[in-house]
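Asks: Attaching a single structure in structure tokens format; questions to follow.
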Amino acid sequence: QARLVESGGGLVQTGGSLRLSCVVSGIIFSIDGMGWYRQAPGKQRELVATLTSTGTTNYADSVKGRFTISRNNAKNMGYLQMNNLKPDDTAVYYCALLRNGPRYWGQGTQVTVST
């Protein structure tokens, strides 16, 4: 059974940066794609970024040029570098393993961007 644990969230001012981490256990991480999603209060969960097992990335338009998704298969780790954060980025961020869609989720980490 896969287990994903996110960390790195917190409170940051507008324009600041955070790096989220996701440690994966219980599964061969390298063969799955991975993704970061977020859910703001009162809104549906939305895709932030994905990274396939072969290195192809995809970003939501709202984060292009500011966020970078990456992974370290040797360490079973995934990352989301978030720069130039805005109040609209405030949400709970979740990492997920992807194979024809999300199949395992982490518990989420809160990111709050103050004005």
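Asks: Check off (1) under 22 Å from Asp61 (Cα atoms); (2) open to solvent by 40 Å² or more (accessible area, probe 1.4 Å); (3) touching a residue at least 40 places away in the same chain (Cβ under 8 Å); (4) not in a strand (DSSP E or B) for Gln110 and give me the number that stays unchecked.
Replies: (4)
Asks: Say we look at the stretch 1-47 and pick out the residues that are part of a strand (DSSP E or B), closer than 22 Å to Val113 by Cβ and among the polar types (S, T, N, Q); which of these is most open to solvent (accessible area, probe 1.4 Å)?
Replies: Gln13
Asks: When you look at Thr68, is it surrounded by fewer than 21 Cβ atoms within 10 Å (Cβ to Cβ) and in contact with a Pro (Cβ under 8 Å, 6 or more places away or on another chain), yes or no?
Replies: So Thr68 does not fit the description; no.
Asks: Now for a different question. Could you check Thr50 against (1) within 16 Å of the chain's Cα centre (by Cα); (2) under 18 Å from Arg103 (Cβ atoms); (3) open to solvent by 20 Å² or more (accessible area, probe 1.4 Å); (4) free of Cβ contacts under 8 Å to residues at least 40 places away in the same chain and say which number it fails?
Replies: Going through the list (1) within 16 Å of the chain's Cα centre (by Cα); (2) under 18 Å from Arg103 (Cβ atoms); (3) open to solvent by 20 Å² or more (accessible area, probe 1.4 Å); (4) free of Cβ contacts under 8 Å to residues at least 40 places away in the same chain, Thr50 breaks only (4).
Asks: State whether one or more residues within the stretch 49-71 are at pLDDT 95 or above, of a type in the set (A, V, I, L, M) and outside any strand (DSSP E or B).
Replies: Yes.
Asks: Follow-up. Take the residues in the stretch 72-107 that are open to solvent by 40 Å² or more (accessible area, probe 1.4 Å) and in a strand (DSSP E or B), then tell me which one is farthest from Gln39 (Cα to Cα).
Replies: That would be Asn72.
The values are calculated or read from the model by the stated rules, or taken from the named source; none is laboratory data. What you are looking at is a predicted structure, and each value in this text was computed from that prediction instead of being measured. Neighbour counts are summed over all protein chains in view; Cβ atoms, including those assigned to glycine, are modelled from backbone coordinates with ideal geometry. These accessible areas exclude ligands, DNA and RNA; they are computed on the full protein's heavy atoms, side chains included. Shrake-Rupley method; radii C 1.70, N 1.55, O 1.52, S 1.80 Å.
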